Every structure is written in C-alpha cells, then in structure tokens.
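Please treat every number below as a calculation from the coordinates, not as lab data. Note that the coordinates shown come from a computational prediction; the quantities given were computed from them, not determined experimentally. Cβ coordinates were reconstructed from backbone atoms using ideal geometry, including for glycine residues, and neighbour counts include every protein chain displayed.
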Amino acid sequence: MSAHAIDRGSVPAGRQARPGLGRLTKVELRKMVDTRSGFWLLLAVLGLSLLAVVITILAGHESDRTFRHVLANALAPTGILLPVVGILLVSSEWSQRTALVSFALVPDRKRLIAAKVLAGVVLALIATVVGIILAALGTALASADIPHVWTIPVGLLGQDFLYVVTAMVIGIGFGAALLSSAPAIVLYFGLPAGLAALAAIHSIRGTIESIDPTTALESLTGSVFGAEEWGQAALTLALWMVLPLAIGLWRITRRDIGG
C-alpha cells in the first residue's frame with residue numbers, strides 16, 4: 001500500500017480556516033446555558049430579579065416605586081449571582097478535563113479566553129435588558145402617583161449596564177486566575193466579606209472602602225458618578241477585574257493541559 005500526499009487544494013476552504021472569534025463566542029455562550037449548573041444559576045438570577053421587583057412594588061415605600069429604583073433592585077441579584085456562571089465557564093474546563101479538547105480545537109489559548117470574555121459580556125448585556133424589562137413591567141403595575149416615575153438619567157442607565165458587565169468579567173477573571181470552581185467561588189464571595197469586616201477598624205476604613213467592590217461598584221446603580229467616584233471605580237476594577245484576568249491569562253497560556 002502506498003501513501004498519497006493530501007492535495008490541500010481539494011480540502012474545502014472552510015475546513016482550513018480556523019474558527020472565527022464570533023463563532024467561538026457563540027460556542028462559549030452556549031456552554032454557559034447548556035450545562036445543568038449554568039441553567040439553574042440563570043433561572044435563579046431570573047427568579048430573584050423578579051422577586052426583587054415584586055417586593056419593591058408591594059412592600060417598598062411609594063417613593064421607591066420609580067423605574068430608577070425598581071431597576072436598581074432588579075439588577076442586584078444579577079450582579080451577585082451571574083458572575084458565578086462566568087467562574088464556571090473557565091474553571092470547568094480544568095475540573096471537568098475539557099481543556100484538552102478545547103485547546104486541541106483552538107490551539108491559540110488567548111483567542112479562547114477572549115471568546116469567553118466576549119460571551120460573558122453578551123450574556124451580561126442580555127441579563128441587563130431582561131432586568132430592564134422586568135423593572136418596566138413592575139413600574140407600570142405599581143402605578144405610583146409620584147412625579148418623574150419613569151425618569152432615569154442616560155448616564156445612570158449606562159452605569160447599570162456597566163455594573164452587570166464588570167461583575168461578569170470579574171467572575172471570569174477569578175475563574176481564570178484559580179482554575180478551580182470551589183476556591184474561585186469562595187474567594188469571590190469571601191474576599192468582599194472579609195474587607196467589610198476589616199472596614200470596622202476605623203483607622204483603615206477609608207483605605208478598605210476605596211478597594212471594596214461592594215462599595216465602589218454596587219453604587220453604580222445608585223447615582224450618576226462624578227470624577228471622584230469614577231477614579232475609585234477604576235482602582236477597584238484594576239484590582240478585582242484586570243489583575244485576576246492578567247493572572248489567569250498568564251496561567252492558562254503556560255499551564256500544561258494534563259496538569
């Protein structure tokens with residue numbers, strides 16, 4: 001039996017070309033919703049957001065039944081739980097041993113991480129839109145007889161989107177930096193709680209609050225930021241989002257798949 005060389009001209013062009021970033025993003029987006037854990041987490045986010053809207057319009061003070069306040073309450077569960085989906089998107093590649101397949105299909109690991117981040121951003125934008133729809137329905141049902149019920153500054157609406165998107169990317173960063181689901185989830189929730197406990201020490205309260213994501217980022221949904229607030233948010237995002245992503249990218253691009 002003789003071996004024959006493969007004529008590259010006979011191979012369809014689509015099979016030679018590497019998958020585009022858009023296609024990889026769709027695959028990663030499907031990973032977040034196809035798994036059992038991802039499905040139930042997203043269902044929990046939707047249920048808690050709906051519950052927050054219902055509680056606000058039924059038990060809240062009339063002044064809180066504006067679209068602005070209802071939306072802030074609706075997005076709170078999203079900003080807390082949705083990042084866990086981002087953590088699992090990255091860490092499960094290693095805990096479930098699917099990294100071998102993923103990196104065999106996409107040898108450029110940086111492109112795969114970029115696709116995961118883009119997929120997280122897309123899901124965060126969709127979740128924010130769902131929160132806006134729920135808040136609008138809740139505000140309409142509340143029928144509060146107060147001025148400026150539907151008024152919301154454009155800048156604040158943009159901050160609402162930024163709050164959910166950055167929360168998701170922080171989750172992806174934690175998953176990439178630790179490459180293990182349990183430690184990443186524990187530290188994601190535990191570190192802010194630890195900082196809050198340290199803030200009880202009066203002498204370091206100001207320093208702790210300047211890097212506490214709970215203080216700096218959750219206020220994004222409260223009021224339009226000024227220069228000082230944006231500076232604090234930038235510092236917080238550098239520590240909680242950029243640094244973990246950088247560490248995760250370094251680890252993933254250098255780690256042995258079998259390790």
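Under the condition of being assigned to a helix (DSSP H, G or I) and either exposed (fewer than 15 other Cβ atoms within 10 Å of the Cβ) or of a type in the set (Phe, Trp, Tyr) (or both), the residues counted in segment 240-259 number 8.
For (1) charged (D, E, K, R); (2) in contact with a Cys (Cβ under 7 Å, 6 or more places away or on another chain); (3) free of Cβ contacts under 8 Å to residues at least 60 places away in the same chain, each residue gets a yes or a no:
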| position | (1), (2), (3) |
| --- | --- |
| GLY190 | no, no, yes |
| ILE211 | no, no, yes |
| GLU229 | yes, no, yes |
| ALA233 | no, no, yes |
| LEU249 | no, no, no |
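Listed here are the helices (runs of 4 or more DSSP H) enclosed by segment 140-219 that have at least 1 residues being in contact with a strand residue (DSSP E or B) (Cβ under 7 Å, 6 or more places away or on another chain), surrounded by 15 or more Cβ atoms within 10 Å (Cβ to Cβ) and of a type outside the set (Gly, Ala, Ser), and there are none.
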